[in-house]
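Student: Take a look at the following structure, please.
Bear in mind these aren't lab numbers, they're just calculated from the coordinates by the rules spelled out. The model shown is predicted, which means the values in this text are computed figures rather than measured ones. We place every Cβ from the backbone using ideal geometry, glycine too, and count neighbours over all the protein chains shown.
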Amino acid sequence: MASDSELSEEELDVSHGDRVRYHCYTSKHERYQFDFTDEERGETMRAMQDNATLLRSLYDRGVPFFSKQIFRDLVSQLDHGRANPRPATGAEAHVIRIPTVDGSFVECELEAGRVVRLGVPGDPQSPDQEIVMRDPHLDYRTFQRLSLVDDPSWFSPYLARCPCRLIYPLDVRQISTGEIINPWDKEPAEDVQIVFDKAVRAWEDSDECRRLRSAFENAPLPTINNIVAFACSSMLGKDDRSRAATQHALILTMRDIIAKRQPGAQSQTQIKCFAQDPFYAKADVEVLGRSGITILEDPRAFLKVDDQSLVISFHPNIPVRQIITDIARPAVMIWNRVESEAELDASWQATGEVYNPAFMTDPESSRVRDMVRDHYLKRPIAIGPEEMFGSGAAVYIRRD
Ligand SMILES: C[S@@+](CC[C@H](N)C(=O)[O-])C[C@H]1O[C@@H](n2cnc3c(N)ncnc32)[C@H](O)[C@@H]1O
């Protein structure tokens, strides 16, 4: 493992404690500048404006911000880096070529395995802990976020045209024992299985599930070969674990509905089920695997999505709707209802706030709106309950 004295605890933005695995370091290219001279501020604002103009023109010309080719290429580079880890000293780090939206690329060092000691080296009061950067996954930037002209302190010229970047989950490791301190991963699979089974029973017994099943009885349904679920979250150790478990239970319900509807797919095993969420712990993988749901690492689930997929995603931390719109026209999407700008403005105004898609994790875009308007049944089917799927969850079926 490489140790790195350049990176400090502050730069990693790490806070100690149980939830440290949720803190992620993105890239040293995203160091921000706060101490501008007037001249520098003006120059940076102009660079942001130029960047926004270029991105808008690419977007308006229909240039995809995300593609399977980009994901395949990044997966292969990351796999190569993982198979050939950087030795402790003396070796150059792997360089990952990150594509820009205008057809070029920038280079970022692969930083997996870097170690940062917490506290002050040599100080006996310092915690016996260090931070280890795990293998990265992708961090996705929407068209709206990339073209935002805002506070120049947060503008990172190097990555300004990169919709995909790398993000490193962090582990805390006890220095004296070498043990990873991760209380989240300790829950036994059998306990998680109980939570999951209970949620499956409760969901299947619910009126909402019955309504969903009956809505699918007569709906025209394109051929579906797989179900790909994003961001259903871990079923371990949280207050709202039954919500995560119910979202996974929906995968099983949809597999059953499709198997009954499609001649030739009598056996449910013919409809493959995949799920992707970087929060999954070992016990999630085991429990979901027993039900035939295969967990894939980001961004590999996107590679499974095609026009014969059913996609599931509720309130993800990444722009699933924009990514899917760029890469496929799935047979069915079950995700947050796609709202018009006027609807969003009105609902935000009612809360006294102003809607800005640049600050949303999974915002609509004109492309997402065009896709559902042009290719999907006019009236999406509502799905509840809200405590399990969030507000405005809806089923979109493609019109063939
Ligand atoms: C706000 S939570 C919503 C979780 C759940 N769907 C719900 O409705 O309560 C966002 C989820 O997005 C997940 N997420 C973040 N990055 C992701 C990625 N690259 N692929 C899939 N899921 C991701 C997070 O781990 C988290 O579980």
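Student: Between Thr294, Thr37, Thr361, where does the largest GNM mean-square fluctuation fall for the chain, given springs only between Cα atoms within less than 10 Å?
Tutor: Result: Thr37 has the largest fluctuation of those listed.
Student: Sum -39500 (n - 2.57) across every DSSP H segment of at least 4 residues in the chain, then divide by the residue count to get the 222 nm mean residue ellipticity, nearest 500.
Tutor: -10500 deg cm²/dmol
Student: Here's something else I'd like to know. So, counting K/R as plus one and D/E as minus one, what does the shell of residues with Cβ under 11 Å around Arg243 add up to?
Tutor: Overall, the nearby charge balance is -2.
Student: Could you state, as a whole-number percent, how many of the C-alpha pairs of the chain are farther apart than 28 Å?
Tutor: Counting every Cα pair in the chain, those more than 28 Å apart make up 53 percent.
Student: Under 12 Å from a label point 7 Å along Cα→Cβ of Ser347: give me every residue in the range 372-397 with its amide N that close.
Tutor: 390-394
Student: What is the antiparallel percent of DSSP beta bridges lying wholly in the chain, to the nearest 5?
Tutor: Within the chain, antiparallel bridges account for around 60 percent of the total.
Student: So what's the angle, to the nearest 10 degrees on a 0 to 90 scale, between helix 207-218 and the longest Cα principal axis of the chain?
Tutor: Helix 207-218 and the main axis of the chain meet at about 70 degrees.
Student: I've got another one for you. GluC sites (Glu not before Pro) within the range 332-373: which are DSSP loop residues with at most 11 other Cβ atoms inside 10 Å?
Tutor: Sparse-neighbourhood loop GluC sites (Glu not before Pro): Glu353.
Student: Against the longest alpha carbon principal axis of the chain, how many degrees, from 0 to 90 and to the nearest 10, is the axis of helix 366-375 turned?
Tutor: Once rounded, one gets 20 degrees.
Student: Once you've got the Cα coordinates, tell me which of Lys68/Lys282; Lys198/Lys304; Lys260/Lys282; Lys186/Lys238; Lys68/Lys260; Lys68/Lys304 are over 21 Å apart.
Tutor: Working: Lys68/Lys282 27 Å; Lys198/Lys304 29 Å; Lys260/Lys282 31 Å; Lys186/Lys238 13 Å; Lys68/Lys260 31 Å; Lys68/Lys304 9 Å.
Distance filter (> 21 Å) returns Lys68/Lys282; Lys198/Lys304; Lys260/Lys282; Lys68/Lys260.
Student: If I stretch the segment between Asp35 and Lys272 completely, what's the gain in nm (0.36 nm per residue apart, minus their alpha carbon distance), one decimal?
Tutor: Difference between extended and current length: 80.1 nm.
Student: For Gln270, what charge total do you get from the other residues with a beta carbon under 14 Å from its beta carbon, if Lys and Arg give +1 and Asp and Glu give -1?
Tutor: Residues near Gln270 contribute +3 overall.
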